[in-house]
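Scroll down for the structure; my scribbles are underneath it.
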Amino acid sequence: MTKVIIGSDHGGYALKEFVKKVLTAMDYEVIDAGPEAPESCDYPVYAFKVAEQVDDETPGILVCGTGLGMSMAANKVKGIRAAVCTNEYMARMSRAHNNANILCLGERVTGPGLAEDIVKTFMTTEFEGDRHLRRISLFDK
Ligand code: RB5
């Protein structure tokens, strides 16, 4: 069973709990890196907890108010390609062309119905490789 690591801050807590149900219904093993309650917390803490467990076989999902802070923090971790996606096209292309290994969502931006479609698209789209592999390889200096 494919594992997915998920985390949020307080601004993304409710959507994290919803996305966990979506992933479980899709038969993924969901590892929740926290938080366990919606109290105010610092999103980089959870961005790093998730990013440090993610690799190209084990994707991650991070949720904050906008998805922006989570993506900025997660992308500081070597090997992470975190993408904020606000629609299905971005989710599909983040996988097909960028081989994103973390999906970032914004609970204050994206409602649960659209978030569900974005998660399903992200989790089921394959990286196309080829010229896109050459391009993402240029990320590593
Ligand atoms: C928290 O208020 C908010 O700043 C955070 O969830 C996130 O949107 C940061 O990028």
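Any read-out appearing in this document is the output of simple, stated calculations on the displayed coordinates, not a laboratory observation. What you see is a predicted model, and the numbers here were worked out from it, not measured in a lab. All Cβ positions, even for glycine, are placed from backbone atoms using ideal geometry, and neighbour counts span all protein chains on display.
Note on region 87-107: residues that are farther than 12 Å from Thr124 by Cα and assigned to a helix (DSSP H, G or I) amount to 2. Of all positions in region 83-101, at least one carries a residue that is in contact with a strand residue (DSSP E or B) (Cβ under 7 Å, 6 or more places away or on another chain), closer than 13 Å to Asp56 by Cα and not polar (S, T, N, Q). Residues in region 56-99 that are in contact (Cβ under 8 Å) with a residue 24 or more places away in the chain, hydrophobic (A, V, I, L, M, F, W, C) and closer than 20 Å to Lys20 by Cβ: 9 in all. Val22 passes every criterion in (1) aliphatic (A, V, I, L, M); (2) surrounded by fewer than 21 Cβ atoms within 10 Å (Cβ to Cβ); (3) within 12 Å of the ligand (Cβ to nearest atom) apart from (3).
Answer yes or no as to whether Gly12 is on the phi > 0 side of the Ramachandran plot and not hydroxyl-bearing (Ser, Thr, Tyr). No: the conditions fail for Gly12. In the set (1) in a helix (DSSP H, G or I); (2) closer than 12 Å to Asp9 by Cβ, Ser71 fails one condition alone, (2). Only one entry of Asp55, Asp32, Asp42 meets the criterion of being of a type in the set (Asp, Glu) and within 20 Å of Pro112 (Cα to Cα), and that entry is Asp32. Scanning region 59-74 for residues that are of a type in the set (A, V, I, L, M, F, W, C), within 14 Å of the ligand (Cβ to nearest atom) and under 10 Å from the mean Cα position of the chain (by Cα) returns Leu62, Val63, Met70, Ala74. Taken over region 40-58, the criterion of being of a type in the set (Asp, Glu) and within 12 Å of the ligand (Cβ to nearest atom) is satisfied by Asp42 alone. The residues of region 24-65 that are among the hydrophobic types (A, V, I, L, M, F, W, C), assigned to a helix (DSSP H, G or I) and within 18 Å of Ala82 (Cα to Cα), listed by number, are Val45, Ala47, Phe48, Val50, Ala51. Condition check: hydroxyl-bearing (Ser, Thr, Tyr) and within 16 Å of the ligand (Cβ to nearest atom). Does Thr86 satisfy that? So Thr86 fits the description; yes. The residues on offer are Val109, Val77, Val30, and the sole one that is within 15 Å of the ligand (Cβ to nearest atom), more than 19 Å from Glu128 (Cβ to Cβ) and either touching an Asp or Glu at 6+ places or on another chain (Cβ under 7 Å) or β-branched (Val, Ile, Thr) (or both) is Val109.
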